[in-house]
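The values are calculated or read from the model by the stated rules, or taken from the named source; none is laboratory data. Note that the structure is a prediction, hence the values are computed from the model and not measured. Using ideal geometry, Cβ is built from the backbone for each residue, glycine included, and neighbour counts are taken over all protein chains shown. Please note that ligands, DNA and RNA were not included when accessible areas were found on the heavy atoms of the full protein model with its side chains. Shrake-Rupley method; radii C 1.70, N 1.55, O 1.52, S 1.80 Å.
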Amino acid sequence: MSLVELFILAVGLSMDAFAVSICKGLSLGKISKKHMAIAGAWFGGFQALMPLLGYLLGTQFQKQIEAIDHWVAFVLLALIGGNMIREALFSKEDQEETADLGFRAMLLLAIATSIDALAVGITYACLKVDVVPAVSFIGIVTLTLSAAGVFIGHIFGKKYQSKAELAGGIILLLIGTKILLEHMGVFVAR
């Protein structure tokens, strides 16, 4: 996986956290660098931890699925991306976000926004990706976008939340399709 592909994947994965960070910024009366750091650390940390856990799980059954690993990667990314697109386009629920940046609230949000990264970690095991730099990169990108999301939410509001989720879903679908097409020999990765 190239650095560009990894960056695009990291951005796609971070869109849920980015959208929640926008809501956090919207709900905070006054924001500070501390608020941005808290959101960034929680979301970035879990976006790095979950693919690592997925990778460790994936390596346990890698030999059994080696012949279909590209299909596993495609299906997982397509499901995650499709769900993100569905939520962005069809979710009419107005999720009320509170300004709570406490341990319990942030833990639950960090887990909820990083479940998809667990599945990506499984695909990393299938694709034999060098996991430590990959998860570190994902964590840093998510930390940065989440911190920026708090600021953007404070400035612009909920207007961009669904667009961020839609973009993330499309990115994950495209990456899954690319992996499948490469393994089928339709086009060759550079």
**Prompt:** With θ set to phi - 60° and the Karplus curve 6.51 cos²θ - 1.76 cosθ + 1.60, what are the ³J(HN,Hα) couplings of segment 6-16 in order, to the nearest whole Hz, using x for Gly and Pro?
**Reply:** 5, 5, 5, 4, 4, 5, x, 5, 7, 5, 4
**Message:** Quick check: the angle from helix 161-183's long axis to the longest principal axis of the chain, C-alpha only, nearest 10 degrees?
**Reply:** 10
**Item:** Rg to Rh, two decimals, where segment 1-129 supplies the alpha carbon set and Rh follows Kirkwood
**Value:** 1.02
**Fill in**
With all protein chains present, the chain has a carbon and sulfur share of its accessible area (1.4 Å probe) in percent of 68
**Request:** With a 1.4 Å probe and every protein chain left in place, work out the accessible area per residue of the chain in Å², rounded to a whole number.
**Result:** 52
**Asked** So what's the angle, to the nearest 10 degrees on a 0 to 90 scale, between helix 103-127 and the longest Cα principal axis of the chain?
**Response** 20
**Asked** What is the helix-to-structure angle for 131-156, meaning the angle in degrees between its Cα long axis and the longest Cα principal axis of the chain, kept from 0 to 90 and rounded to the nearest 10?
**Response** 30
**Message:** Show me the ranking of peptides 102-111, 72-81 by mean Cβ neighbours inside 10 Å, starting with the highest.
**Reply:** 72-81, 102-111
**Karplus-derived HN-Hα couplings along segment 40-52 (A = 6.51, B = -1.76, C = 1.60, θ = phi - 60°), whole Hz, x at Gly and Pro** = x, 5, 5, 5, x, x, 6, 5, 8, 5, 5, x, 5
**Complete:** With x for Gly and Pro, the residue-by-residue ³J(HN,Hα) of segment 72-77, computed from phi through the Karplus equation 6.51 cos²θ - 1.76 cosθ + 1.60 at θ = phi - 60° and given in whole Hz, is 4, 4, 4, 4, 4, 5
